[in-house]
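See structure below.
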Amino acid sequence: MNRRDFLKSALTFAALAPLAKLQAKSGADGDKSSDIVSGPGITRRHYKNTSMTLPLLGFGCMRLPRLSPDKPEIDFTTAAKMVDMAMKAGCNYFDTAYMYHSGLSERFLGEALKKYSRDSYYLTDKMPVWFAKSASDLEKIFNEQLKRCQTDYFDFYMLHSLDENHWSKAQKFHAYEFLEKMKSRGKIRKLGFSFHDKPEVLQKIISGGSWDFAQIQLNYLDWDLYRSREQYEILTRAGIPVIVMEPLRGGALATLSPEAEAILKKTDPQASCAAWALRYVGSLPNVLCILSGMTLPEHVEDNLRTFTPFKPLTDNERKVLNEALAAYRKCLAIPCTACRYCMPCPVGVEIPKIFGIYNQYKVSDNRWMFNKNYYAIDEDSRASACVDCGACLKKCPQKLDIPNLMKQIAGEFK
């Protein structure tokens with residue numbers, strides 16, 4: 001099947017997929033759609049051939065509002081308001097991880113969700129095998145996560161950020177077997193993995209276990225650039241539902257270049273750039289849930305509009321989006337998603353912040369603003385402070401050559 005036929009079939013399937021909210025009460029297969037949706041709700045999709053449904057929009061908790069931009073502490077009041085907005089609309093899938101907000105994301109969700117009945121929302125967490133020094137550490141981390149989240153079980157649970165190295169360590173510590181044991185005890189309902197590597201590695205991981213789902217990076221920029229298409233097709237052929245992370249590529253696709261944004265606005269003046277990106281991903285039929293890392297209440301509102309109800313892209317809209325992508329590609333500098341896995345830098349370089357400032361400069365061509373934002377960073381934390389230690393190279397899911405990129409940026413500022 002060529003790309004055009006594949007996309008057309010995906011679009012057709014998505015258009016025919018069940019979009020209305022289900023009325024059934026929470027059942028044995030874990031459906032949690034009924035108690036939190038009143039009136040026309042958010043579009044939901046079935047998990048395989050069961051009555052279990054997930055909201056097509058999931059709430060990613062890696063980029064919650066902060067009290068200070070440079071510190072991990074969460075603005076609890078604002079973030080809790082956002083959770084309440086999501087729950088009221090039927091967006092009841094929440095994704096966190098051990099290191100998000102330096103561990104505060106899990107604790108926040110434990111507090112923010114405790115006023116809701118446990119059978120009214122889906123809670124997702126992940127096992128970071130790189131934190132483990134021995135196999136016994138896996139159970140310590142898992143139990144700590146349960147305690148932080150104030151729960152007895154996770155609805156969805158993953159081996160976190162698997163690449164070839166992390167998968168090798170997971171095998172060494174028998175991480176899959178440990179999590180299968182937790183699943184047999186009812187502490188995990190659905191077991192999967194999140195993935196950051198080449199399609200060839202993905203195939204190895206699929207063969208290494210019986211997986212309920214997988215989470216991959218997918219958006220219209222990475223469909224070819226990051227080989228997301230190949231990953232999606234591999235999982236689809238294997239019968240594994242896909243949960244999508246980085247649909248906006250760390251927010252980059254929410255604010256495009258002026259030329260690219262103008263192309264989209266001409267077709268639909270009311271739609272945000274983020275809505276276009278989310279609709280692209282949601283038009284794929286094997287996508288079960290799309291995570292959006294929402295930082296402001298306005299993000300929640302805009303995303304809920306996009307998914308209540310969800311409308312797949314038309315053939316004409318897909319052509320428009322391809323035209324906008326071509327315009328945006330001309331300005332793209334560094335494909336950083338601001339995941340912050342590279343942080344903290346051993347010498348204090350503000351890696352994601354520098355890349356964000358630099359990308360914004362390349363998109364806007366506003367040198368004055370670039371200088372202002374760059375020199376607002378402490379001198380010891382600028383690109384020129386990089387000592388090429390290589391610590392970040394092992395952590396970056398995008399496999400960016402961060403030390404050389406820092407040299408490049410520092411050179412532009414001399």
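Computed from the coordinates by the stated procedures, all read-outs in this text should not be read as laboratory data. Since this is a predicted model, take the numbers as computed values, not measurements. In this analysis, Cβ positions are derived from the backbone assuming ideal geometry, glycine residues included, and neighbour counts consider all displayed protein chains.
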- Item | Rounded to the nearest 20 debye, dipole of the stretch 351-412 from Cβ charges on Lys, Arg, Asp, Glu | 220 debye
- Note on the structure: What the 10 Å binned alpha carbon P(r) of the chain shows, as percent of pairs per bin from 0, is 4, 22, 33, 28, 11, 2, 0
- List the chymotrypsin sites (Phe, Trp or Tyr not before Pro) in the stretch 61-162 that DSSP assigns to loop (not H, G, I, E or B) and whose Cβ has at most 15 other Cβ atoms within 10 Å. Which are they? TYR116
- Could you pull out the trypsin sites (Lys or Arg not before Pro) across the stretch 54-152 that fall in loop regions by DSSP (anything but H, G, I, E, B) with no more than 16 other Cβ atoms inside 10 Å? LYS114, LYS115, LYS133
- Query: With charges only on Cβ, +1 for K and R and -1 for D and E, what is the dipole size of the stretch 323-366 about its Cα centre, in debye, rounded to 20?
  - Reply: 60 debye
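Once Rh is set to the Kirkwood radius over Cα pairs, what Stokes-Einstein translational diffusion coefficient, in µm²/s, holds for the stretch 351-412 at a temperature of 4 °C and a viscosity of 1.567 mPa s?
Answer, rounded: 107 µm²/s.
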- Query: What residue among ALA260, ALA80, ALA385 shows peak mean-square fluctuation when the chain is described by a Gaussian network model with Cα springs under 10 Å?
  - Reply: ALA385
